[in-house]
């Protein structure tokens, strides 16, 4: 357990997306020391993030889908940021409300925004800064 | 409350003062005494203590018999005692050169040694003992008592006493005050009572006291006093009243006396004067003024007095007064003859003077004078008379026996115009002139000669200036004692005016009777019996009599008609009572037996209240009556006209002609015509035609003949009519134009009149009246009326024309309307097309709105597919670039097999993975039957990734035994991943297809013209599919529609229906967290009921009606054109269904009912 | 009588110089006994200080109760000498002064060793001197140590 120093959390109500995302992330992450967690339930995600942080594992970023049934991505990010202000959040969405995205960005809650469907290259480019900061 | 000069205070003060002094003294004295006592006590006490301590100390050293225990215990007792006494500062023992002290209060050392008498009181006791060597040692015990502590204690002890004293003091002060007040109360009340009495106030309450002490006596005395004072007061009042009455009486008496006195003075011709020396002024009585002729101009001082008269005698006041004063005489009286300067009269006065002195100086002079001028009564009387005579306005002449005027008064002079000198000496005849009545002159002569009195004789005189005047003369002979005539007095009054008046009156009377005569009123005078005494010219004229003689004396009844006779019977009594009777309407019979109508009044002539005759004033109103009849006729004609006009106005066009005919009848009757007709002029054809006619019975109608008569036939009429003039032949036989006369006579027409009908200046026709029976001439008024009638007809014809015009126009309009309707129909069709296109638009809008949802729905699977494809690409490339070629086909197929059988789960989280990895490591390390592999960590990871767990021991063993186990596992993992990706791709594309299918079904073309069998559930599901994305977000969907429900309908239209309702519901709930959408269907034999409900906000009642109107939207510009729910309504209409909207706070329901 | 006096004087003479040079208690057939005084041995210095009234309480918080011979005690002078290097007269004076000044509570005076022993046995914290030849429990003995 102590080897794992970093973690990345993905939250999306569509499990297929999670799978895709996970696969892609494994390509760019150092799997030896980075945990990749997937959640369809945002509440579960919040719980687990708490645990990770308590165990002093550095959560590099959280990828969040906008449209989710239980709560929107924006709400989730807000909740996370309340507890862990330094958590970096990236939003994924096929149909995000531009204005709420801008709002989140202006409040410094959102680091990046990626539109679905995404290009692998684009994804890596966006995420690279987060990952490189850990190395 | 406390007045410092009050009695109460004065009583209280000494007490208070004394008390305060006592208390102060006590307060000061006591403590010091106490202190001394206390100190003494303390000293004694301390002395004892010191002795005890000393003894105790000695005991320590007494020979070995003493028990130290006893000594020490007694020491402790002493010390305890000392401890309790707070005043003891310290106890010290001085033993030769040693000392020690018991210091209960921690006193400083030097304090112990010194002797400070100010601070402490000391008590000492000495001791001595033998030391161990047998030497005598001595010392003393010193106890110091702190003075200050003593003082503190004393004051502490004293404090409550002080407070008590203070309290007592205050209490006693107050008590004393109350006592003082109580004591002084009676005195105060007595004082107040006395004050009241002295102020005449008897109303206040008096104190009472039954005690026999001084206060009591005083109180009672005051009470008694008040009673007496009251009595006295009432007595005084009575006395005052009496006095007042007396005084009044006296005053009255005095006044009376005074007036009597004045009167007496007057009578006695007694005048009084009072002169005051100090201001040189006098006051005089009226009589005095009269006697001496004093008026306002006289200055009432001594000088002025002397100017009043002149006297040659030496008995005047001025002469006598100085002497009197010198001699201090008081009285002076004498007779004095003087000449009064005011009028020069000589008087004889009796004067009495009294001089009053003060201190030898004269201050007042009282004088009384009496006029004792002796005059013969007669002379006096004469004088008076002459005064009268002088002043009278009547002429007074006095002549001697020879009729020569000796005296004449002013009035006579004025009247006659002659001067006194001219008159005196002449006879009165000088005033007479030619007009003077000789008869009167004769009468005078005779009377004079006979010595008779002439009274009230009228005579006319002339003044010097020629003014003629009338007089009434009264002449009285003056006889002396012997009865001889010595003269005459003539008194004459001016009756010129009177005479004039009489003449005037006569004149007036004459004029009056002249007037009566001239008046157009018929005036008659009857005597008491009713016989004519006078009748004026008018009366005679009207009655056709030549002269008054013919009727004079005849009884009025003979001129009355029968009716009037009856009236007369009623009128007469009234007259006899003396009342004027007005408004008589009578009929008189004239001389020629014509009846004339009379109206007028009759008034009685009363003499001394008796009826002596009557006078009647009448008017012949026969003519008037006639005129009235005519006027009535005119009025009636006007009425007829009015009726006719009204009829014309109200009559519909079609009936006008008959109305015109009827009116002709009326007018004809009025005109006494036998035939009436209306002709119209046709200027184009130059003909005239009869249009309306009325003919009396038996009279020939011309209506059929006289049509299209050329103008040339009636030149005369044309001529006249064109100018707007009437054609009238009052007497046909007199008509000059022979031709016309012939024509008319042939007809039998005696009179004819025709009136042109003028439309502005054009004669459009004429109205004619033929009179067969008589010769009728029409008066101006009648002609005017006829003109009016003709005008009316003109108007009527005009109106008819207008109405016909109107009808024509109406017909035109009807035609226009028809064409308009056609246009409207066309437009309506266009509208419907428009509506249809709007519906299309709505559909598009709906599509647009849901498209975003669709886009998302499509986007996700597409994205996934894309990524999946990328991933597979990646995997495959890495596979084939990697070590796949190192494996045999068998091995690869094994891998594939495994992979196919063991599809990896969707995702496994890192934590779980790690846990499993740990377990794997432990397993491998532990119970794994094989060797623990090198690269344990990596291998375990891979195994876990390939979803191997400790139960798959055989597989694991098999794989691990391979040389390239790691690579093997890697390939397996990759393949698994690839499979998973491909699975994902497939699933996503399925999802996309579904979305598109739903869309297509929704957008499908316009072929929805036929009804077909609809499966309700499928139909609604399609729509739900379209909204899937939106519904999936937080919407709790309850979709309970039985799949067996089928009915006929237009599926596309129903799509629109459901989608509109669902969309509206979703939008209504868009602001909520918990959204609920329920769809239920119920089918009965006759009805299909579908309910769409949502938990959106309540729709207000007033909107529920309008919500189905076109373009009504609550959603604003950007979402929806407002057509949605109206479309719903239309669709429902087409399906013969209706919708009910029920909305409350929790649930909004759309209930759609289809009739099957 | 005379012998007694002489012996006493001799003793006194012998003792005095010795006492002037701080007579050691150990040298004499006396024992210090105490009851629950917190130690089984004391230095001579300590003993003397105790008896001078230096301590109010023992380490075990028992109050110090000093027991001294009364004037009737036969060995009063000896004990005074040993404990105070002073005569009984001075001891009395000393103690009066102390008590008078309120600096110490009064010691307990007894006429005989037997009474002393009895008192000490009955009272915790009591300390006193007796002659060796008396009966006392071994526990009461306080060893004088260096």
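So which residues in the stretch B:1044-1061 are out of contact with any strand residue (DSSP E or B) (no Cβ under 7 Å at 6 or more places or on another chain) and without any contact (Cβ under 8 Å) to a residue 40 or more places away in the chain? Let's see the steps before the verdict.
Narrowing the stretch B:1044-1061 to residues out of contact with any strand residue (DSSP E or B) (no Cβ under 7 Å at 6 or more places or on another chain): B:1044, B:1050, B:1052-1053, B:1055-1060.
The answer is B:1044, B:1058.
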* To do: Give the residue that is modelled with the lowest pLDDT, with candidates limited to residues of the stretch B:65-77 that are surrounded by 13 or more Cβ atoms within 10 Å (Cβ to Cβ) and at the interface with chain C (Cβ under 9 Å from one of its Cβ atoms).
  => B:66
* Could you list, in sequence order, the residues of the stretch B:192-215 that are within 24 Å of residue B:6 (Cβ to Cβ) and in contact (Cβ under 8 Å) with a residue 24 or more places away in the chain? -> B:193, B:194, B:197, B:215
* Checking residue C:63 against (1) under 22 Å from residue B:98 (Cβ atoms); (2) away from chain B (no Cβ under 14 Å), which single condition isn't satisfied? -> (1)
* Asked: Name the helices (runs of 4 or more DSSP H) wholly within the stretch A:1-111 that hold at least 3 residues that are more than 13 Å from chain B (Cβ to nearest Cβ)?
  -> A:42-54, A:73-83, A:98-106
* Residues in the stretch C:78-92 that are assigned to a helix (DSSP H, G or I) and free of Cβ contacts under 8 Å to residues at least 24 places away in the same chain: how many? -> 6
* Asked: Do any residues in the stretch B:644-662 that are more than 15 Å from residue B:794 (Cβ to Cβ) have Cβ atoms under 6 Å from those of residues that are modelled with pLDDT of 75 or more, where the two are at least six apart or on different chains, and which pairs are they?
  -> B:647/B:659; B:651/B:659; B:653/B:800; B:653/B:803; B:661/B:692; B:661/B:694
* Selection count, the stretch B:961-972, where residues are farther than 19 Å from residue B:901 by Cβ and in a helix (DSSP H, G or I) -> 4
* To do: Go through the stretch B:339-359 and give me each residue that's buried (at least 18 other Cβ atoms within 10 Å of the Cβ) and at pLDDT below 85.
  => B:347, B:349
* Might you let me know whether the stretch A:86-104 holds any residue that is touching a residue at least 60 places away in the same chain (Cβ under 8 Å) and crowded, with 16+ Cβ neighbours inside 10 Å? => yes
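Can you say whether residue C:96 is farther than 24 Å from residue C:144 by Cβ and surrounded by 16 or more Cβ atoms within 10 Å (Cβ to Cβ), as far as the supplied structure shows? Give the steps one after another, and end with the answer.
Details: farther than 24 Å from residue C:144 by Cβ: yes; surrounded by 16 or more Cβ atoms within 10 Å (Cβ to Cβ): yes.
Yes: the conditions hold for residue C:96.
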* **the stretch B:566-577, residues that are surrounded by 12 or more Cβ atoms within 10 Å (Cβ to Cβ) and closer than 17 Å to residue B:525 by Cα** => B:568, B:571, B:572, B:574, B:575, B:576
* Asked: Looking only at residues in the stretch B:866-883 that are buried (at least 20 other Cβ atoms within 10 Å of the Cβ) and at the interface with chain A (Cβ under 8 Å from one of its Cβ atoms), which one is farthest from residue B:987 (Cα to Cα)?
  -> B:871
* List the number of the failed condition for residue A:122; all other conditions in (1) more than 14 Å from chain B (Cβ to nearest Cβ); (2) under 25 Å from residue B:870 (Cα atoms); (3) surrounded by fewer than 18 Cβ atoms within 10 Å (Cβ to Cβ) hold. => (1)
* Positions within the stretch C:98-111 being under 18 Å from residue B:80 (Cβ atoms) and either part of a helix (DSSP H, G or I) or within 7 Å of chain B (Cβ to nearest Cβ) (or both), in sequence order -> C:98, C:99, C:100, C:101, C:102, C:106
* **Yes/no for residue B:918 being farther than 24 Å from residue A:24 by Cα, within 13 Å of chain A (Cβ to nearest Cβ) and without any contact (Cβ under 8 Å) to a residue 40 or more places away in the chain** => yes
* **Residues of the stretch B:1082-1100 satisfying the condition of being surrounded by 13 or more Cβ atoms within 10 Å (Cβ to Cβ) and part of a strand (DSSP E or B)** => B:1082, B:1083, B:1088, B:1089, B:1090, B:1091, B:1092, B:1093, B:1094
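Can you say whether residue B:903 is loosely packed, with under 13 Cβ neighbours inside 10 Å and touching a residue at least 40 places away in the same chain (Cβ under 8 Å), as far as the supplied structure shows?
Numbers: loosely packed, with under 13 Cβ neighbours inside 10 Å: yes; touching a residue at least 40 places away in the same chain (Cβ under 8 Å): yes.
Against the criterion (loosely packed, with under 13 Cβ neighbours inside 10 Å and touching a residue at least 40 places away in the same chain (Cβ under 8 Å)), residue B:903 qualifies.
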* Enumeration of residues in the stretch B:946-960 that are touching a residue at least 40 places away in the same chain (Cβ under 8 Å) and in a helix (DSSP H, G or I) -> B:955
* Of all residues in the stretch B:654-667, how many are surrounded by 15 or more Cβ atoms within 10 Å (Cβ to Cβ) and over 13 Å from residue B:678 (Cβ atoms)? -> 1
* So which of B:520, B:493 ends up being more than 24 Å from residue B:393 (Cβ to Cβ) and over 60 Å from the mean Cα position of the chain (by Cα)? -> B:520
* To do: Filter the stretch C:29-60 down to residues that are surrounded by 14 or more Cβ atoms within 10 Å (Cβ to Cβ) and within 13 Å of residue C:85 (Cβ to Cβ) and give me whichever is modelled with the lowest pLDDT.
  => C:44
* Could you pull out the residue among B:126, B:148 that is more than 30 Å from residue C:88 (Cβ to Cβ) and more than 10 Å from every other protein chain (Cβ to nearest Cβ)? => B:148
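Please count how many residues of the stretch B:312-332 are under 17 Å from residue B:271 (Cβ atoms) and at pLDDT below 85.
So in the stretch B:312-332, the residues under 17 Å from residue B:271 (Cβ atoms) come out as B:315-317, B:332.
Still in the running and at pLDDT below 85: B:315-317.
Count: 3.
The values are calculated or read from the model by the stated rules, or taken from the named source; none is laboratory data. Predicted model, so just to flag it, every value in this text is computed and none were measured. No Cβ is skipped: glycine too gets one built from the backbone with ideal geometry, and neighbour counts run over all protein chains shown.
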